[in-house]
Amino acid sequence: MKLENNIAIVTGASQGIGKGIALGLAEAGADVAVNYHQNRDGAEAVANEILALDRRAIVVQADVSKRNDVDRMIRQTLSALGKIDILVNNAGLLVTGPIENLREEDWDRVIEVNLKGAFLCCQAVGRDMIEKKSGGSIINVASISGHIPEINSGAYTPSKAGVIGLTRLLAVEWAKYGIRVNALSPGPVMTPLQRKVYPTKKLLEARDKAIPMNRHGTPEEIARVAIFLASEDSSYITGEDIKVDGGSQASMFHLVRQLAEKSSL
């Protein structure tokens, strides 16, 4: 298996993309620390699925925006699993609404979780990798929203743009230590969060039509790219941002063409 004898931490792994990545890494051979903030039941269910794959798993509670929580998560992982080879910064938060109505506390909280959280986790794990001269792979889950603005996404779009910038900076600074740092930018993926943003079948179908592949992605499809970035298959890749979006960003005129075709019928 590609990731046998590797230890991974996946933040925000109790559901959605984080769950898919945690399970995917385990299927590829890694042992996994499953992080959660509030959804302990979800995290324990993910850990049990990993254990059923004959891999080791621990459940670690931490608010990634708090340094003390992050440091405790790293200590617990090292104590239980021995080392850290892979970090996946997936924990994220979205507060929707027009930017002119965005509350300062909502801006702060999204930036704290999405950007500061990625920084704190990268710094803590990076220090351990540098000290031990072990190298490793860090994967920051960004978003295509970090490249193109998503209307009514509040601080989410700026936070993900920051994650991409942080990824490139760390890749350049830490390449000499054998630490590869890459970003993974999903497009629309069918997760509990996406169902909240598009709560009706009609809205989901409309969103599908705006994607060139005419469907949402799945957490499993995101996980396969994370496995690639975590493994030696990507040994000469660092500082990159891989978009997994069904062609969403590649064709900005896709929806315009569909609307034009519809109006001509």
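The values are calculated or read from the model by the stated rules, or taken from the named source; none is laboratory data. These numbers come from a predicted model, not from an experiment. Positions of Cβ are generated from backbone atoms using ideal geometry, with glycine treated the same way; all protein chains shown enter the neighbour counts.
Is it true that some residue in region 153-173 is crowded, with 16+ Cβ neighbours inside 10 Å, at positive phi, touching a residue at least 12 places away in the same chain (Cβ under 8 Å) and not β-branched (Val, Ile, Thr)? Spell out the reasoning first.
Of all residues in region 153-173, those crowded, with 16+ Cβ neighbours inside 10 Å come to 153-164, 166-168, 170-171.
With at positive phi added as a condition, the list becomes 154.
Pick out the ones that are also touching a residue at least 12 places away in the same chain (Cβ under 8 Å) and you get 154.
From what is left, the residues that are not β-branched (Val, Ile, Thr) are 154.
Looking through region 153-173, at least one residue is crowded, with 16+ Cβ neighbours inside 10 Å, at positive phi, touching a residue at least 12 places away in the same chain (Cβ under 8 Å) and not β-branched (Val, Ile, Thr).
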Open item on the list: Just to be sure I understand the filter: pairs with C-beta atoms under 7 Å, separated by 6 or more residues or on different chains, first member in region 182-207 and touching a residue at least 40 places away in the same chain (Cβ under 8 Å) and over 13 Å from ILE144 (Cβ atoms), second member not in a loop (DSSP other than H, G, I, E, B) and not hydrophobic (A, V, I, L, M, F, W, C). Which pairs pass?
Closed with: ASN182/THR167; THR191/GLY16; THR191/PRO219; PRO192/GLY16; LEU193/GLY16
TODO: Determine whether region 122-142 contains at least one residue that is at pLDDT below 95, part of a loop (DSSP other than H, G, I, E, B) and within 19 Å of GLY247 (Cα to Cα).
DONE: no
Open item on the list: When you scan region 228-241, do you find a residue that is in contact with an Asp or Glu (Cβ under 9 Å, 6 or more places away or on another chain), surrounded by 13 or more Cβ atoms within 10 Å (Cβ to Cβ), farther than 20 Å from GLU173 by Cα and among the hydrophobic types (A, V, I, L, M, F, W, C), even just one?
Closed with: no
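Name every residue in region 73-107 that is without any contact (Cβ under 8 Å) to a residue 12 or more places away in the chain and within 30 Å of PHE228 (Cβ to Cβ), in order of residue number. Please lay out each step first, then the result.
Let us first name the residues in region 73-107 that are without any contact (Cβ under 8 Å) to a residue 12 or more places away in the chain, namely 75, 79, 100-101, 103-105.
Once the filter is applied, which keeps residues that are without any contact (Cβ under 8 Å) to a residue 12 or more places away in the chain and within 30 Å of PHE228 (Cβ to Cβ), region 73-107 yields ARG75, SER79.
Residues that are of a type in the set (Val, Ile, Thr) and under 19 Å from the mean Cα position of the chain (by Cα): does region 97-109 have at least one? Full working, then the answer.
Filtering region 97-109 down to residues of a type in the set (Val, Ile, Thr) leaves 99.
If we keep only those that are under 19 Å from the mean Cα position of the chain (by Cα) as well, we get none.
No, there is no match, as no residue in region 97-109 is of a type in the set (Val, Ile, Thr) and under 19 Å from the mean Cα position of the chain (by Cα).
Search region 189-223 for residues being aliphatic (A, V, I, L, M) and part of a helix (DSSP H, G or I), and hand back the single one that is nearest to VAL244 (Cα to Cα).
Step one: filter region 189-223 for residues aliphatic (A, V, I, L, M), giving 189-190, 193, 197, 203-204, 206, 210-211, 213, 222-223.
After this cut, where a residue has to be part of a helix (DSSP H, G or I) as well, the list is 193, 197, 203-204, 206, 222-223.
On the way: LEU193: 17, VAL197: 19, LEU203: 21, LEU204: 18, ALA206: 20, ILE222: 7, ALA223: 10 Å.
Ranking the candidates gives ILE222 first.
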Open item on the list: Just to be sure before I move on: is ASN6 at pLDDT 95 or above, surrounded by 16 or more Cβ atoms within 10 Å (Cβ to Cβ) and in contact with a helix residue (DSSP H, G or I) (Cβ under 6 Å, 6 or more places away or on another chain) in the structure I sent?
Closed with: no
- [ ] Would you check which residues across region 100-115 are surrounded by 15 or more Cβ atoms within 10 Å (Cβ to Cβ) and either farther than 10 Å from SER159 by Cα or among the aliphatic types (A, V, I, L, M) (or both) and list them?
- [x] LEU102, ASP106, ARG109, VAL110, ILE111, VAL113, LEU115
TODO: Output the residue which, of all residues in region 30-86 that are acidic (Asp, Glu) and not in a helix (DSSP H, G or I), is surrounded by the fewest Cβ atoms within 10 Å (Cβ to Cβ).
DONE: ASP54
Task: Hits in region 46-63 (condition: closer than 17 Å to THR11 by Cα and of a type in the set (Lys, Arg)) - done: ARG56
- [ ] Check region 116-136 and report whether any residue there is surrounded by fewer than 22 Cβ atoms within 10 Å (Cβ to Cβ), within 21 Å of PRO98 (Cβ to Cβ) and in contact (Cβ under 8 Å) with a residue 12 or more places away in the chain.
- [x] no
Task: Subset of region 143-158 [aliphatic (A, V, I, L, M) and part of a helix (DSSP H, G or I)] - done: ILE144
